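Reading through the structure tokens given below for one structure.
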Amino acid sequence: MRSPRVTASPFSFGQWWRHLDKSAWVWLLAIGLLLFLVVNPLLRLLVVSFQQPDGAFTLSNYFVAYGRARYVEALLNSLILGVSAASLCLVFGVPLAWALSRTDMPAKGLIWVAILGTFIIPPYLGAVGWILLAGPNAGWLNQLVVELTGMEKGPFNIYSMPGLIFVIACYSFPYVFVFTKSALDLVSSEMEDAANILGAGSLRTSLSITLPLVLPAILGAFILVFLEAIALFGSPALLALPGRFHVVTTQLWQFFEYPPRVGVAAAYAMPLLGITVLLFWLQRRITSRKGYAVLSGKGGERRLIPLGRWKWPMLGYCLGVCTLSFFMPMVVICQAALAKAWGRGFTLDNLTLNNLYFTMFENNLTRNATLNTFMYAGAASIIAIALALCVAYIVNRQLVGKHVGGLLSFLTMAPFVIPGIVLAIGFYAAYTNPPLLLYGTAWILILAFATRFLPIAYVNCSSAIRSINPELEDAVRILGGTRFTAIRSVVMPLLKRSLAGAFILVFIPATRELSTAIFLYSINTQVLSVLLFDKSDEGNFEMLAAIGLILVFITVVFILIGFRLMGRDFMLRRAPT
Amino acid sequence: MSKLVLRNVSRTFGDFTAVDNFNLELVAGELVSLLGPSGCGKTTTLRMIAGFMTPTAGTIELDGQVISSPASSLPPEKRQMSMIFQSYAIWPNMTVAENVGFGLKIRNIKADEIRRRVGEILEVVQMGNLRDRYPAELSGGQQQRVALARSIVVKPSVLLLDEPLSNLDANLREEMRFEIRRLHDEFKITMVYVTHDQAEAMVTSDRIAVMNKGRLEQIDAPYALYGRPKTRFVAGFIGRTNFIEGKSSGDEVHFGGFSVSKQSLQTEAPLPQDVLVSIRPQSIHLLKQNPGVNSAACCVQGSVQRRAYLGEYWDYHVTVPGIEQALRVTARPQDVFEVNEPVWIEIDTTQLTVIE
């Protein structure tokens, strides 16, 4: 048996070296990477907003950004868009959550699948679907109305503010649904029984007892959807630009048209960043507020409310919402993707696989973009998870002081409150000039994706590590293994499954990310989402739909893998933020 | 020479002092337990010995070498110790044999030697037939045995045990106490055993160190600790007891209804004016009649205030004029007294212990 030889002198270098935990450099690396990915882009964003192209200090960017009525109007448009879309989301999401969580409505499985489907469709693909449905002249719904009523022109125009609000609401209401449903799932029937026994009917109970109990969750979801709506780029770009109006994100994009005015864009992005940070803070305060003790405890006994004859109207409403968000758009997208020309309608001789074949195999551009999408999303996921795992481990095992640990997790979670488009401008500002010239390479996309989804990776890694008893690692160390031995032989084998799950949760949004990519791609680094957006002004909807279907297909495959790894709930589970 | 020495060891967390100027010396092959209520600092002390935590003052020495001091601390993996954790910490991704052989693998021992030693130790803990099982397929007691085997097979310089039995059910716990003692006697390992269960400490330990609020209250062999507790905390924590206040005057100490000579209290230091003594419930006897003069005992009259029958014994609370608190007395099942019945109380004065 070896025996430790240590001199008694407290200041000997040899002793210090032997006693030193050699893993310290890993923590330093993690901190360095966080500075590179999160701090520097944000700092550069702030700096360039006060800089002239030659680097001198100026306030002129702000004067330009807010000096024109058009620009200010875009800000207001975003506000209107956010509030309206979020309100419409409540109308869609809350009744569905209540019906699925608390009532005996039939066909719940179907509704559940349709909502999951809505979640899977990238918002901009939904917008494409609705262009096909409600485009001013050729849209299917307009044609239908013309056919039925003999009117000269259909009534629907998706290229309008109401159209944009509607489309965004269609693809954001799943957030409201998930938040509300998980809150409702925790309300015990006893609370409702208590009201019933005092003479309140089912409806009255639901409105005066159940609803107020889940109100904080609904409010939190409202804020989340508001922020999602104002930060989206794809749908506004597809719908607002042809409709000749601007929102913040499309305006930002225009500042980037050649020659890019980065300073102005940075200045213009500040309110978006500010309001996001502020509202996320507010949302956390609301959803974490104490006093609604019922929501933090165990559910207690739960029984479903019998709807009686209201069963069918309720199902009708749910199906209606899902038809608008999922069934109708998916049908027309599939039709377009499989059609020789989408306008020729739903006939067999219009069917072809050429669009899909051409997109995947023949067209260099789309084939490369597909490949890039996979590679970039994969690389970004690996980077995000490796970094998040490192930070989560450091923080949870308290390897650094409380303050450093707090700072680390703050920085890792920070991208959560940075709209993708703002992050992209920060990356552009930080890494377009030497010595750190990443613009034009794949790395800027990969790193931006990794940063954007770092919080998702962190939340998952953190909860995975928390589930491992630290004594398992202590046992390795006391038997003579180093911390790295412990991580290699115990932690990693135990984390395999949850890390695969985390990978999927990062990979899926990374394959469809548009708002970050649109500012950072170059000719050789196109991804599918960018391509889809690029092709939209050519009017080749067959190809758009084909690209969209490929994206959906990728997503579905990975979600199925996720189901196998982590159970059916993993996508729609409310993230513990 | 002492195997393990803790010299004036303290550990603070912010304003909170978890361990306060703690001193302990273990000779090789000794089993000392750290006993105290939760939050008394015993686990903190153990984790400092293991090297998971650095003391904020004082030093820890192993075989005469400083391994922990506020300036630096030898990492746990270099201390040649092993430890048994409250959760057992059996690695769920490895079989029983892989778990037990892990420490040997780290020590670069050849595969066939590992197999032989793992097989031997698994026989010792009666787990030989389960070597290829995964931990999820084992009961709590079996996991405990794997943990024991895993920590003994590496022949540690010191074996640390952190409440190893607290997750087992009562019967198994009793069995494992003896098992741990048996393994200690068989392998002569120096052990530090942390527990809050006094019975566990008494069955397993050579000496027990009672801790309270980060301080060492008393360290003694189990018999001495129970029979001669030095502090009020120790007397109250180890078993049940009665405290009686008295006043010394001249050669005697007067308690409510009786007096004893100072000599019979067997204290080294001179007695102060106010004296506090402890007497165990089984050192007091209840009688129907006055037994007359007895040299070793004092007799006073009292009455039964309340009683409880616990099968193995009676638990009486008896009030005595002049003594503030009712005395607790344990009596054999056949010694039946009614509530409010006047009784004679015989106190075995040789069992009176003065509390500092």
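Quick rundown of the values:
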item: At least 20 Å along the helix axis (C-alpha) and Kyte average at least 1.0, DSSP helices within chain A; result: A:69-102, A:161-184, A:211-231, A:262-287, A:364-396, A:492-512, A:541-566
item: R0 of 30 Å, Cβ-Cβ distance A:Val47-A:Arg68: FRET efficiency to nearest 0.05; result: 0.80
item: Two-site FRET efficiency, A:Met161 against A:Asn350, from Cβ-Cβ distance with R₀ of 25 Å, rounded to 0.05; result: 0.15
item: Charge dipole (chain B, unit charges on Cβ, about Cα centre) - positive-most of B:Gln126, B:Ala71, B:Phe13; result: B:Ala71
item: Region A:151-172 versus region A:217-287: alpha-carbon centroid distance in Å; result: 20 Å
item: With every protein chain in place, chain B: carbon and sulfur % of accessible area (1.4 Å); result: 48 percent
item: Charge-dipole axis of the protein assembly as shown as Lys and Arg at +1 and Asp and Glu at -1 on Cβ define it, positive-most pick from A:Phe173, A:Asn40, B:Val339; result: A:Asn40
item: Cβ-Cβ FRET estimate between B:Phe178 and B:Glu312, R0 fixed at 22 Å, reported to 0.05; result: 0.60
item: Of B:Lys42/B:Lys230; B:Lys110/B:Lys155; B:Lys155/B:Lys230; B:Lys3/B:Lys42, pairs whose Cα-Cα distance is over 25 Å; result: B:Lys155/B:Lys230
item: Whether region B:141-221 is rounded, prolate or oblate, judged on the alpha carbon gyration tensor where a/c under 1.5 counts as rounded; result: oblate
item: Chain A - Kirkwood radius from inverse mean 1/r over Cα pairs (Å); result: 26.0 Å
item: Reference-scaled alpha-carbon Rg (2.2 N^0.38 Å with N residues) for region A:330-463; result: 1.49
item: Global form of region A:100-153, assessed from the alpha-carbon gyration tensor, a/c cut-off 1.5; result: oblate
item: Minimum 10 Å² accessible area buried by the other protein chains, region B:94-109 residues, probe 1.4 Å, relative to alone; result: B:Met94, B:Phe102, B:Gly103, B:Ile106, B:Arg107
item: Label-to-label distance, nm, for residues given as B:Arg133 and B:Asp274 (7 Å Cα→Cβ offset); result: 5.8 nm
item: Cut-off of 10 Å, at most 14 other beta carbons, DSSP loop: longest stretch of chain A lacking such trypsin sites (Lys or Arg not before Pro); result: A:341-567
item: Given charges at beta-carbon only (K, R positive; D, E negative), |dipole| of region B:120-161 in Debye; result: 120 debye
item: Value of Rg/Rh across region B:228-356 [Cα atoms, Kirkwood radius]; result: 0.96
item: Principal-axis tilt of helix B:170-187 within chain B, Cα atoms, nearest 10 degrees; result: 60 degrees
item: Alpha carbon convex hull of region B:81-132, volume per residue in cubic angstrom; result: 91 Å³
item: Theoretical gain in end-to-end length, B:Thr12 to B:Asn93 [0.36 nm per residue, Cα-Cα removed]; result: 25.6 nm
item: Potential extension, A:Asn363-A:Leu437 segment - 0.36 nm per residue separation minus Cα distance; result: 23.6 nm
item: C-alpha center-to-center spacing [region B:140-207, region A:302-320] in angstrom; result: 60 Å
item: Computed magnitude of the charge dipole of region B:64-148 (debye, nearest 20; Cβ of K, R +1, Cβ of D, E -1); result: 200 debye
item: Rounded accessible area per residue of region B:86-202, 1.4 Å, Å²; result: 42 Å²
item: For q = 0.19, 0.29 Å⁻¹, Debye-computed log10 I/I(0) when each Cα of region B:184-244 counts as one equal scatterer; result: -0.69, -1.40
item: Probe 1.4 Å, accessible area per residue of region A:381-473, Å²; result: 36 Å²
item: Estimated dipole of the protein assembly as shown in Debye, rounded to 20 [Cβ of Lys and Arg +1, of Asp and Glu -1, Cα centre]; result: 1460 debye
item: Inter-probe distance in nm under a simple model that places probes 7 Å from Cα toward Cβ, at A:Val113 and A:Met151; result: 3.4 nm
item: Cα centroid of region A:478-518 to Cα centroid of region B:68-133, whole Å; result: 27 Å
item: Between helix B:96-106 and chain B: long-axis angle, C-alpha atoms, 0 to 90°, nearest 10; result: 70 degrees
item: Protein-protein interface of region A:448-488, residues with accessible area decrease of at least 50 Å², isolated chain reference, 1.4 Å probe; result: A:Glu471, A:Leu472, A:Asp474, A:Arg477, A:Ile478, A:Leu479
item: Per-selection metrics, region B:8-125 (Cα): Rg and Dmax in Å; result: 17.0, 52
item: Total accessible area lost when A and B pair, probe 1.4 Å, Å² to nearest 100; result: 2900 Å²
item: Links that overshoot a 30 Å alpha carbon limit, given the list A:Lys181/A:Lys535; A:Lys496/B:Lys105; A:Lys402/B:Lys105; result: A:Lys181/A:Lys535; A:Lys402/B:Lys105
item: Label-point separation in nm, A:Leu144 to B:Glu356, each point 7 Å along Cα→Cβ; result: 9.2 nm
item: Contact order relative to length of region A:96-164, as percent, for alpha carbon pairs under 8 angstrom and 6 or more apart; result: 19 percent
item: Two-decimal ratio, region A:301-350, of alpha-carbon radius of gyration to 2.2 N^0.38 Å; result: 1.84
item: Alpha-carbon Debye profile of chain B, log10 I(q)/I(0) at 0.07 Å⁻¹; result: -0.41
item: Dipole of chain A, positive end: most advanced residue of A:Gly154, A:Ser188, A:Pro123 [Cβ charges, Cα centre]; result: A:Ser188
item: Extended-chain gain in nm, criterion 0.36 nm per residue less alpha-carbon gap, A:Val557 and A:Phe374; result: 64.6 nm
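The values are calculated or read from the model by the stated rules, or taken from the named source; none is laboratory data. Small disclaimer: the values here were computed from a predicted structure and weren't measured. Reconstructed Cβ throughout: ideal geometry from the backbone, glycine too, with neighbour counts over all protein chains shown. Surface areas here come from the heavy atoms of the whole protein model, side chains and all, with no ligands, DNA or RNA. Shrake-Rupley method; radii C 1.70, N 1.55, O 1.52, S 1.80 Å.
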